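The values are calculated or read from the model by the stated rules, or taken from the named source; none is laboratory data. Here the structure is a predicted model, which means the values were calculated and not measured. In this analysis, Cβ positions are derived from the backbone assuming ideal geometry, glycine residues included, and neighbour counts consider all displayed protein chains. SASA here: full protein model, heavy atoms, side chains in, ligands and nucleic acids out. Shrake-Rupley method; radii C 1.70, N 1.55, O 1.52, S 1.80 Å.
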Amino acid sequence: MDLKQLETIFDDTAYIRTGGSKEESKCAKYLQEKCKELGMDAEIESFEVEMADIKKAVLTVNGVEIPCTGYLCAGNGDVEAPIYYLPGDDKYSISQCKGKIVLIDGLMGHWKYQDLYEAGMVGFITYTGNANYADEEIDIKELRSFVSLGKKVPGVNINAKEAIKIIENNGGIAHIELEQEEYKGESHNVVVDLPGETEEYIVLTAHYDSTALSEGAYDNMSGSVGIMAVAEHFSKNPHRYGIRAIWCGSEERGLLGSKAYVKDHEEGLKNIVFNVNLDMIGCTMGKFIACCTTEEKLVSFVEYLGNIEGFPVAVRQDVYSSDSTPFADKGIPAISFARIAPQNTATIHNSYDTKKVMKMEHMEKDIAFITSFTEIMANAKRLPVEREMPDNMKEKLDIYLLRKRDDKKKS
């Protein structure tokens, strides 16, 4: 793929495409057609996702209405209670939320939600955006099923500026009205198979969905374009291991596409020996990184390859918050590549994530390195990365996937 082809895909997909939406489905069909233009047959696989349509979301504080969005999948409710600004995740702070509408900093994670629910909160308020930005954007958030476990209280999201005003005015009495229709919908994975000389496969993954405010050029049409370019290379060149490219839907809603894939293809996972995941590459600013959910030996190999190629890459052994994780959880060694930009040069999950933060020449260089790495693995006489997850990575996967609470981080 040349620079013009790369840029065209960014232009053609410059729209919001949240998981399970008509726009996400439209993008899946577009990716399928693009693969066909490049000489690759792609199949679209559907999977079920929870959906919700907000009918009413109102927040008032001391009788004054505050602009908000309702939490999807947080049920229906009409509650009035004092505001409690959560000062910490310690047991005492949590214990003070009984009968309160809780205002929290950051994301509403699983452990924090469960602790607050058990302590008796009756509603919650989160905030997004930046107090220093001119806009008044309010992201649309979701109470994910693996966060709530079916225990629902109404929640809303507001802009950071409004959250500051609430605390400046010493909180007060909040009233939340939330009405929504919840139902089952469909999201989609797009899959290309390029058989090799063996029955074993290296799987390429990238998510193509976006969040509710974002065109998602950087996060993550960049990765989607990346695996298309890598797959095109292998469609025209010999490779010992098969190559399977998966464009994952609904990643932003909790890695739902990759989770659905490993669940629906459990028998076939025994033939998958490695996963290469791309999530945010090719931006104008930022440093290239690799995260290895594998044995530690791969870290040194990628560092060596970066030196050989004259391509700086910072490598670590860790669990990456992306579609590599469900594969790693099944014992498949995985590596995620990304170019991480400083927040003051490129941000994600908001309306500023557009093609403006991308540089096609960086896309081309990033793709070239990823292709070089994948080609070494795909043509190995024996794939050198052991298909066995180290104990330290197993523990991190247990924490990430909420099977175990992180002693160092409670929420």
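Using a Förster radius of 30 Å, what is the FRET efficiency between K287 and S145 based on their Cβ-Cβ separation? Nearest 0.05, please.
Calculated value: 0.30.
Please report, in debye to the nearest 20, how large the charge dipole of segment 39-139 is about its Cα centre when each Lys and Arg carries +1 at its beta carbon and each Asp and Glu carries -1 there.
Value, rounded to 20: 720 debye.
Ordered by packing density, taken as the mean number of other Cβ atoms within 10 Å over each peptide's residues, highest first, how do 85-92, 38-45 rank?
38-45, 85-92
Using DSSP to call loops (not H, G, I, E or B), can you name the trypsin sites (Lys or Arg not before Pro) in segment 369-411 whose Cβ has at most 11 other Cβ atoms within 10 angstrom?
Hits after loop and neighbour filter: K381, R382, R403, K408.
Among I94, N307, G106, which residue has its Cα furthest toward the positive end of the charge dipole of the chain, with +1 on Lys/Arg Cβ and -1 on Asp/Glu Cβ?
Farthest towards the positive end: I94.
Return the carbon/sulfur percentage of the accessible area of segment 62-127, one whole number, probe 1.4 Å, all protein chains in place.
54 percent
Taking the Cβ of E168 as the centre, find all other residues whose Cβ is under 11 Å away and add up their charges (Lys, Arg: +1; Asp, Glu: -1).
+1
Using a Gaussian network for the chain with springs between C-alpha atoms less than 10 Å apart, which of these wobbles most: T345, T126, T205?
Ranking T345, T126, T205 by mean-square fluctuation puts T345 first.
Stretch R405-N344 to full length: gain in nm at 0.36 nm per residue minus the Cα-Cα span?
Result: 18.8 nm gained on full extension.
When the chain is modelled as a GNM with alpha-carbon springs shorter than 10 Å, which of K55, K270, K26 fluctuates the most?
Highest fluctuation of the listed residues: K55.
What is the distance in Å between the Cα centroid of segment 194-237 and that of segment 99-131?
Using only Cα atoms to place each centre, the spacing works out to 35 Å.
Please go through the residue pairs K100/K263; K100/K408; K36/K297 and name each one whose alpha carbons sit more than 32 Å apart in this structure.
K100/K263; K36/K297
With viscosity set to 1.567 mPa s at 4 °C, what whole-number translational diffusion coefficient in µm²/s follows for segment 20-101 from Stokes-Einstein and a Kirkwood radius over Cα pairs?
For these conditions, the coefficient is 74 µm²/s.
Rounded, prolate or oblate for segment 225-307? Axes are the square roots of the Cα gyration tensor eigenvalues, ordered a ≥ b ≥ c, and the cut-off for rounded is a/c under 1.5.
rounded
Using a simple charge model, +1 on the beta-carbon of Lys and Arg, -1 on the beta-carbon of Asp and Glu, nothing else, what dipole does the chain show about its Cα centre, in debye to the nearest 20?
760 debye
What does the charge count around I138 come to, taking other residues whose C-beta lies under 15 Å from its C-beta (Lys +1, Arg +1, Asp -1, Glu -1)?
Charge balance in the 15 Å sphere: -4.
Going down the list K56/K112; K270/K404; K22/K394; K287/K330, which pairs span over 32 Å between their C-alpha atoms?
Table pairs above 32 Å Cα-Cα are K22/K394.
I'd like the GluC sites (Glu not before Pro) in segment 189-239 restricted to DSSP loop residues with at most 15 other Cβ atoms within 10 Å, sorted by number.
E197, E199
How much area per residue is accessible in the chain when the probe is 1.4 Å and only protein heavy atoms are counted (Å²)?
44 Å²
Using Cα centres only, tell me the gap between segment 44-77 and segment 350-389 in whole Å.
37 Å
Scan segment 365-411 for chymotrypsin sites (Phe, Trp or Tyr not before Pro) in coil per DSSP, keeping those whose Cβ has at most 10 other Cβ atoms within 10 Å, and list them by number.
Answer by residue number: there is no such site.
Which aspartates and glutamates, if any, have their Cα less than 18 Å from the Cα of K381, not counting same-chain residues under 8 positions apart?
E197, E199, E200
Determine which lysines satisfy two conditions relative to K4: a Cα distance under 16 Å, and not lying fewer than 8 residues away in the same chain.
Qualifying lysines at Cα under 16 Å: K34, K355, K356, K359, K365.
Given points 7 Å out from each Cα along the Cα-Cβ axis, report the N307 to N170 separation in nanometres with one decimal.
6.3 nm
Quick check for me: using +1 on Lys/Arg Cβ and -1 on Asp/Glu Cβ, what's the dipole size of segment 348-411 about its Cα centre, in debye to the nearest 20?
Charge dipole, segment 348-411, about its Cα centre: 280 debye, nearest 20.
Using +1 at the Cβ of each Lys and Arg and -1 at the Cβ of each Asp and Glu in segment 17-111, identify which of G39, S21, V58 lies farthest towards the dipole's positive end.
Highest projection toward the positive end goes to V58.
Counting only pairs 8 or more residues apart or on different chains, how many lysine pairs in segment 126-218 have their Cα atoms under 25 Å apart?
The result is 7.
Which of V276, V64, V225 moves the most in a Gaussian network model of the chain with Cα springs under 10 Å?
Looking only at V276, V64, V225, the biggest GNM fluctuation is shown by V64.
What's the carbon and sulfur percent of segment 195-341's accessible surface, probe 1.4 angstrom, rounded to a whole number?
50 percent
Rounded to the nearest Å, what's the spacing between the alpha carbon centres of segment 245-268 and segment 277-343? Just the number, please.
Centre-to-centre (Cα) distance: 19 Å.
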